[in-house]
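Below is one structure, written out as structure tokens, with a few remarks after it.
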Amino acid sequence: MASLDRVKVLVLGDSGVGKSSLVHLICQNQVLGNPSWTVGCSVDVRVQDYKEGTPEEKTFYIELWDVGGSVGSASSIKSTRAVFYNSVNGIILVHDLTNKKSSQNLYRWSMEALNKDSSPTGVIVSNGDYDREQFVESTVPLLLIGTKFDQIPENKRSDVLTRTAFLSEDFNAEEINLDCTNPRYFAAGTSNAVKLSRFFDKVIEKRYFTRDSGQIPGFTDRKRFNFKSLHYD
């Protein structure tokens, strides 16, 4: 097992959105009993069968790097986090479905990782234009996961899912919405399990089976997109 090839996937999002619980559920298929704040970065590993059930099937390690901190951290902390952003093959963006701010901050989290040599500033959505095309052009696969789905009142779920659909479109990523305290959301054969496996296969394919390694690149010829148009208010 030690000789397996591996890929590195960042897990990014605000403190308290449930990243550690999510990573534990993905890697251990168990609910994390007593989640605590992540200091620095915590790494867990999942075994992934790439193209399972086909002649091309091969087993890989998926390293999930759960990065702690908040998007508004001081520049010194951002500089420390930048160490974790090297040689990244994929990114999972995690937000709390009951907290709009955590959804809005995903733009800054992604830009901090994709442009690790710069420090994003400004207030998301209400104060600034962001480059939508960089997510479309990025060779680094992205996956959007919303947590605490069980805490959304029934009469609010339609509005929340509409917002997540906007996010998914902007990041050019599939979306998964779940409750990290319930393993059934990733049960074998469910749409969420299929999306997760498809994402990991895409990360592996871009890292090992395409000419472009799929690691964090720079971006050129950018177009601007004003996120004020998103319906967050």
**Message:** Tell me yes or no: at least one residue of the stretch 33-48 is without any contact (Cβ under 8 Å) to a residue 24 or more places away in the chain, surrounded by fewer than 21 Cβ atoms within 10 Å (Cβ to Cβ) and among the charged types (D, E, K, R).
**Reply:** yes
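Looking only at the stretch 1-19, filter to residues that are open to solvent by 30 Å² or more (accessible area, probe 1.4 Å) and at pLDDT 95 or above; which one of those is farthest from R81 (Cα to Cα)?
D5
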Pairing a residue in the stretch 149-177 that is in contact (Cβ under 8 Å) with a residue 12 or more places away in the chain with any residue that is open to solvent by 40 Å² or more (accessible area, probe 1.4 Å) and among the small types (G, A, S), where Cβ atoms lie under 9 Å and the two sit 6 or more apart in sequence or on different chains, gives E175/A165; I176/S191
Those residues of the stretch 164-192 which are β-branched (V, I, T), farther than 13 Å from I92 by Cα and open to solvent by less than 30 Å² (accessible area, probe 1.4 Å) amount to T164
Of the residues in the stretch 114-159, those that are touching a strand residue (DSSP E or B) at 6+ places or on another chain (Cβ under 8 Å) and modelled with pLDDT of 95 or more number 9
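Residues that are under 13 Å from the mean Cα position of the chain (by Cα): list the strands (runs of 3 or more DSSP E) wholly contained in the stretch 17-98 that include at least 1 such residues. Outline the logic, then answer.
Details: elements: 41-50, 58-67, 90-96.
Answer list for the stretch 17-98: 58-67, 90-96.
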Of the residues in the stretch 68-113 that are at pLDDT below 90 and among the polar types (S, T, N, Q), the one that is surrounded by the most Cβ atoms within 10 Å (Cβ to Cβ) is S73
Residues in the stretch 193-210 that are buried (at least 17 other Cβ atoms within 10 Å of the Cβ) and free of Cβ contacts under 8 Å to residues at least 24 places away in the same chain total 0
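The values are calculated or read from the model by the stated rules, or taken from the named source; none is laboratory data. Since we're looking at a predicted model, the values are computed, not measured. Note: ideal-geometry Cβ built from the backbone for every residue, glycine included; neighbour counts use all protein chains shown. Heavy atoms of the whole protein, side chains included, go into the accessibility calculation; ligands, DNA and RNA do not. Shrake-Rupley method; radii C 1.70, N 1.55, O 1.52, S 1.80 Å.
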